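First the structure, in the form of C-alpha cells, and then the observations on it.
The values are calculated or read from the model by the stated rules, or taken from the named source; none is laboratory data. Keep in mind that this is a model prediction, so the values were computed, not measured. Glycine also receives a Cβ, built like all others from the backbone with ideal geometry; neighbour counts cover every protein chain displayed. Side chains included, ligands, DNA and RNA excluded: accessible areas come from the protein's heavy atoms. Shrake-Rupley method; radii C 1.70, N 1.55, O 1.52, S 1.80 Å.
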Amino acid sequence: MIKLERLQKVIAQSGYTSRRKAEQLIVDKRVKVNNQIVSELGSQVGPDDIILIDDKEIVAESKVYYMINKPKDVLCSVSDDRGRKVVVDLIKEEKRIYPVGRLDFDTTGLLMLTNDGDFTNAMIHPSFEINKTYQVVVDKFITDTMRFKLERGVLLDGEKTLPAKLVVDHFDKKKQYSQVTITIREGKNRQVKRMFEAIGCKVISLHRSKVAFMTLEGLAIGQYRKMLPSEISRLIQLAKSGDRK
Ligand code: URA
C-alpha cells in the first residue's frame, strides 16, 4: 500500500523549511504537486508525487544527528528574538537542525540535535519513557523522607510524576548543599527543578549526564559529535519497544 502523508509534513521533512512555514507556503499558493497548485492544508501526497515550491522541485535532504554537551547560558532553540546564543549556532552544519526536546537556558549536558522530524517525535513522545539522568546541586540536606517522596512521585500540574531514582552523592555541611543524581523517565517542562521545589529545595545547578544508554564520554562542555548509526537505530528500537534503559 502506498503511504500518503500531509504535504506540509513532507515539505518539512525534506529540510526545506519548518512545518509551520510550509503551511504558509501552501496557503500562499506557492506549492505545486505534479504541476498543479495545491492550497489546501489537508492535502496528501505519495512518494511518486513531484512537489515544487516557487516552481523549483524540492529534494529531500539527508538526515544528520548530533549530540552536544550543552554549555550554560545557551538557548535550546534555532533562533532567539532577544539575541541570546542558541544551541544550533554551536554546531557547524549547513542543514537546518533543531534540538530534540529541550534543556533550560542554565542547564548543561547531553542534548541531541537533528533534522529528522520522525526521530525527534519518537524521542520526545510521552509514551517513550526513556531514562534521563541528571547531576543536581540543591540548597539543602536531602533526608530519606525527601528522597522517598521524590522517588515515589510528587504532584506537578495536578499529576503525579513517574517513579524516579535518586542517589545522594555528597552533602557539604559547611556550605549546606547536596549533590545528587536523579534519573527520571519523563520530560515535563522544568521537571527536575519543579520536583525539587515540590520537596522544598532549590536547584543550584543542573547537568544532564545520560539519556538512555547515551553518555557524554569524551565530550567536554561545548563539544559535540555526530551520533553513530548504531546509536540512532538503537534509540529508535527503544522507542518502538517501549524498553527503558
Ligand atoms: N529539568 C529541568 O528542570 N530543567 C532542564 O533543563 C531539564 C530537566
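If the condition is being near the ligand (Cβ under 9 Å from one of its atoms), at pLDDT below 95 and open to solvent by 80 Å² or more (accessible area, probe 1.4 Å), then segment 154-212 contributes only N189.
Put simply, of D73, D89 the only residue that is surrounded by fewer than 15 Cβ atoms within 10 Å (Cβ to Cβ) and in a helix (DSSP H, G or I) is D89.
The set of residues from segment 95-143 being small (G, A, S), assigned to a loop (DSSP other than H, G, I, E, B) and within 16 Å of the ligand (Cβ to nearest atom) comprises just one member, G101.
Taken together, I221, I204 contain a single residue that is outside the structural domain of E93 (by TED's automatic domain parsing), touching a residue at least 60 places away in the same chain (Cβ under 8 Å), under 14 Å from T107 (Cα atoms) and not charged (D, E, K, R), which is I204.
With respect to I68, determine if the residue is open to solvent by less than 50 Å² (accessible area, probe 1.4 Å), more than 30 Å from L111 (Cα to Cα) and outside any loop (DSSP other than H, G, I, E, B). Considered against the rule, which asks whether it is open to solvent by less than 50 Å² (accessible area, probe 1.4 Å), more than 30 Å from L111 (Cα to Cα) and outside any loop (DSSP other than H, G, I, E, B), I68 comes out as no. Among the residues of segment 101-119, write down those that are closer than 16 Å to A12 by Cβ, open to solvent by 10 Å² or more (accessible area, probe 1.4 Å) and touching a strand residue (DSSP E or B) at 6+ places or on another chain (Cβ under 8 Å). Scanning segment 101-119 gives a single hit, D116. Based on what the data block shows, is G83 in a loop (DSSP other than H, G, I, E, B) and within 15 Å of the ligand (Cβ to nearest atom)? Considered against the rule, which asks whether it is in a loop (DSSP other than H, G, I, E, B) and within 15 Å of the ligand (Cβ to nearest atom), G83 comes out as no.
Restricting R208, R194 to residues that are basic (K, R), assigned to a strand (DSSP E or B) and closer than 28 Å to M67 by Cα narrows the list to R208.
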